[in-house]
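The block underneath contains the structure these notes are about, expressed in structure tokens.
Taken together, the values in this text are just the output of simple stated rules run on the coordinates, not laboratory data. Not measured: the values here are computed from a predicted model. When we count neighbours, we look across all protein chains shown, and the Cβ atoms used for this are built from the backbone with ideal geometry, even at glycine.
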Amino acid sequence: MSLKILHTGDIHIGMKFNNYPAQIKEDLVKVRFEVLESLINKANEEKCNIFVVTGDLFDKINIPKKDVIRAINILDGFAGDC
């Protein structure tokens, strides 16, 4: 039996990017979720059994609830075992 694992780390959802211009800041915040979704899609395409996030999924502990829910919904799309 084979075991496939997709491993990623340090996505830092919720990072503020305060030193960037407004449009770039918005794009950087948005792309964090897109990257997570892309990784889940790739893990599903490759029929991975396990999806592992090491490092920081969230940038800080005080992330807006809507962002936590959005990340959970994306992670729920993983079709593997855990």
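Things worth noting here:
- For the chain, the longest principal axis of the alpha carbon atoms and the long axis of helix 22-45 meet at an angle near 0°.
- 222 nm mean residue ellipticity, helices alone, for the chain (DSSP H n ≥ 4; -39,500 (n - 2.57); rounded to 500): -14500 deg cm²/dmol
- The charge dipole of the stretch 1-61, taken about the Cα centre with unit charges on the Cβ atoms of Lys, Arg (+1) and Asp, Glu (-1), comes to about 80 debye, rounded to the nearest 20.
- Taking the alpha carbon gyration tensor of the stretch 38-82, multiplying each eigenvalue by 5 and rooting it gives semi-axes of 22, 11, 8 Å, largest first.
- Relative to the longest principal axis of the Cα atoms of the chain, the long axis of helix 65-75 lies at roughly 30 degrees.
- Listed by chain and number, the lysines placed with their C-alpha closer than 30 angstrom to that of K4 are K30, K42, K47, K60; residues fewer than eight positions away on the same chain are left out.
- Treating each Cα of the chain as an identical point scatterer and summing with the Debye formula, the log10 of I(q)/I(0) at q = 0.14, 0.23 Å⁻¹ comes to -0.50, -1.10.
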